[in-house]
Amino acid sequence: MSSIYSPWDVGLTFALGLLLARYLGVYMARVFMDRPTLLDNFFAPIERGIYRLLGVQPRRAMGWKEYAASLVLLNAFALVFVLVLLMEQAVLPYNALNAPGMRWDLALHTSTAFTTNTDFQHYSGATALSLLSQLVGLQMLMFLSAVSGLTVVVAFIRGFVRRDGTLGNFWADATRATTRIFFPLAVVSALVLLFLGVTQTMAQATSVPALGGGQRLVPTGPLASWGAIELLGSNGGGYFASNFAYPLQSPTAVTNDVAIVIMMLIPFATPFMFGEMVRRPKEAYPLISAVLTIFLVALGLFFLFEIANPNVARLPVTQAAGYGVMGGETRFSLGEDALFQVTSVYANVGSTTMALQSVTPGAQMVLLWGMFLQDVPGGVGTGFGMLLVNALLSVFVAGLMVGRTPEYLGCKIGRNEMKWAAVSLLSHPFAILVPLAITAAVPGLLTATAGGTSQGFTQVLYEFTSEAANNGSGMGFPVGAGDASVYFNLVGVLIMLLGRFLPIIAMLAIGGALARETTLPPGPGTLRTQSATFTVYFIAFLLVVSGLLFLPVLALGPLSSGVTFP
């Protein structure tokens, strides 16, 4: 059994992910700036064929409204297509396990979850879906949602460097993100996972000898390719109910570490892409420093809260090394489980190797805080977009304190930018707290669903927060209750749509407003964002704002469950 600590394993895994992300960020910038790359000769003809098929002119730039409309319409069409597919899967081919058609509200929740990059699942893994639904439906949405998030932040960043009010062409950005980034990375990731022992087959089940005699059907499938885009695209939707704790999905500690690296790639690469795209590479360092500081503190706190688990403290050392009572996957060490879980939640992936309802309240609070922030580093594209929104807000507040017109990267931050930044900031607590208050106010609803306890309240809070943050991880519900009811399905749909598309529209609107601003030369009162002072101030800004918005609700949940501080 693995050591409970394994610091070298954890440190090397994280360092490798960060190193690869640095070079990937430079490559991504070259892709979206239309600069030469090594893959041009292979992908350029494919892209030209796609443009002809779509009937688009890739060099025709769009304003933010046209860009947003194109993105929303494409996602809406895909959502409806998968909704119908899930409801009718019983009469469609590639359904060897005879999965029935999904109930309309569950199908709507599932198709919305995968369209919004949330992938929150109210069904039980491989047995509830046909292979056709998994591959043609949900896996297609995992690519589309990741591509949509990345194109949004690319358009947002262009607002800092363009002065004609345009943000690029959505169809060209989506095509290049698919062909040059997600497709090759997904293929390489799938091959690596396959080489390390992850299953890849089109068979939906295989017969194996049972311990008590006879044979047993074990669900299988194309797990390596599924896991690659699940991790790479900040999706997190598991092929199995137990997600990456399932041995066929992650058979060894090595596959667990590789999964962590894959999750880190694009979220941690995006700040470096930003620095290259605005032609100021050093501007990435304060942002990535803020992300790393908060992330590493969160990782340390999560580990310490689990070490301080009183249930573990009462066990003999030989038993504590396995820490099975804490809900972790005992094939891995606590350090490996902690790094996987914190990376997954803070990067808005949502995959799990731990039973989150079994970790300590303090560890649950750490995970919730990551979803409150959404941007350390956050999901593919939209996570860094939220970080930029918070950077604009922090610069605006700093400008007011010194009595100077706020500016960032030479762009004046005016009324329109702040209006949409406020919309983006406040949409998150609105999407969480309003449904939570309504659920708590309806007589008997919260009590019947959450057991009337602080832990039950935390489980409902966690679900709504996960859906609003487009995260997808879940704490489960008490025995005898479930979140797959019509009420929680429909409320979840509204939360996910609001949490996904309102910030996306706000980011594009801010980018469009910035692209119409005149460039201001730096002066004596210009806030130097390439400095340690700004980095410290920005970290404090992120923590204070999220604390003001969410500390009261934490007091009703994990804090009242008896947090044991390390």
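Here is the list for region 480-560: trypsin sites (Lys or Arg not before Pro) lying in DSSP coil, each with at most 13 other C-beta atoms within 10 angstrom of its C-beta, are Arg528.
Could you give the length gained by full extension between Ile438 and Asp164, i.e. 0.36 nm per residue of separation minus their alpha carbon distance, to one decimal place? All intermediate terms of the calculation are to be shown ahead of the outcome.
Working: separation 274, 0.36 × 274 = 98.64 nm, distance 4.46 nm.
Working it through step by step, the gained length comes to 94.2 nm.
Less than 5 angstrom separates the built amide H of Cys411 from those of Leu520, all sequence-distant by 5 or more or on a different chain.
Can you tell me the relative contact order of the chain? Whole percent, Cα pairs under 8 Å, sequence separation 6 or more. Numbers along the way, then the final one.
On the way: 989 pairs, mean separation 118.8, N = 566.
The normalised contact order for the chain reaches 21 percent.
Neighbours of Ile413 by Cβ distance under 12 Å: Lys/Arg scored +1, Asp/Glu scored -1, total +1. Amide hydrogen proximity for Thr206: with H placed 1.01 Å from N in the peptide plane, the residues at 5 or more positions away or on another chain lying under 5 Å are Val218, Thr220.
Can you give me the Rg/Rh ratio for the chain, using Cα atoms for both radii and the Kirkwood formula for Rh? Walk me through the numbers on the way to the answer.
Numbers: Rg = 23.0 Å, Rh = 24.0 Å.
Using only Cα positions, Rg/Rh for the chain is 0.96.
Hey, which lysines would be in cross-link range of Lys282, C-alpha to C-alpha under 21 Å, not counting anything within fewer than 8 residues on its own chain? Of all the lysines, those that pass the test against Lys282 - Cα under 21 Å, at least 8 places apart if same chain - are Lys412. Over all other residues within a Cβ to Cβ distance under 14 Å of Gly237, the charged ones net out to -3, with Lys and Arg as +1 and Asp and Glu as -1.
The string of couplings for region 429-442 from the Karplus curve (6.51, -1.76, 1.60, θ = phi - 60°) is x, 4, 5, 8, 6, 5, x, 5, 5, 5, 4, 6, 7, 6 Hz, one whole number per residue in order, with x for Gly and Pro. In order along region 246-262, the phi-based Karplus estimate (6.51 cos²θ - 1.76 cosθ + 1.60, θ = phi - 60°) of 3J(HN,Hα) comes to 6, x, 5, 7, 9, x, 9, 5, 5, 5, 4, 5, 4, 4, 4, 4, 4 Hz; Gly and Pro are listed as x. Here the Karplus relation 6.51 cos²θ - 1.76 cosθ + 1.60, evaluated at θ = phi - 60°, turns the backbone of region 112-126 into coupling constants of 5, 4, 6, 5, 8, 6, 8, 6, 6, 10, 9, 10, 9, x, 5 Hz, with x for every Gly and Pro.
Provide the gained length on full extension for the span Leu556 to Ser485, in nm with one decimal, where the gain is 0.36 nm per separating residue minus the Cα-Cα distance.
Values: separation 71, 0.36 × 71 = 25.56 nm, distance 2.40 nm.
Working it through step by step, the gained length comes to 23.2 nm.
Taking a ≥ b ≥ c as the square roots of the Cα gyration tensor eigenvalues, with a/c under 1.5 meaning rounded and otherwise prolate when a/b beats b/c, else oblate, which class fits region 470-554? Oblate, because a/c is 1.5 or more while a/b does not exceed b/c. Counting only lysines at least 8 places from Lys65 when in the same chain, those with an alpha carbon closer than 19 Å to its own are Lys419. Distance between the pseudo-spin-label points of Leu296 and Leu426 (7 Å out from Cα toward the beta carbon): 3.7 nm.
Its Kirkwood hydrodynamic radius, worked out from the mean inverse distance over all distinct Cα pairs, puts region 60-161 at 14.6 Å.
Evaluate the charge dipole of the chain about its Cα centre and quote only its size in Debye, nearest 20, assuming +1 on the Cβ of each Lys and Arg and -1 on the Cβ of each Asp and Glu. Kindly include the intermediate steps, with their values, before the conclusion.
On the way: 27 positive and 25 negative charges, 298 e Å.
That gives the chain a dipole magnitude of about 1440 debye.
Taken together, the values in this text are just the output of simple stated rules run on the coordinates, not laboratory data. A quick note: this is a predicted structure, and the numbers were derived from the prediction, not measured. Quick reminder, even Gly has a Cβ in these numbers, built from the backbone with ideal geometry, and neighbours come from all protein chains shown.
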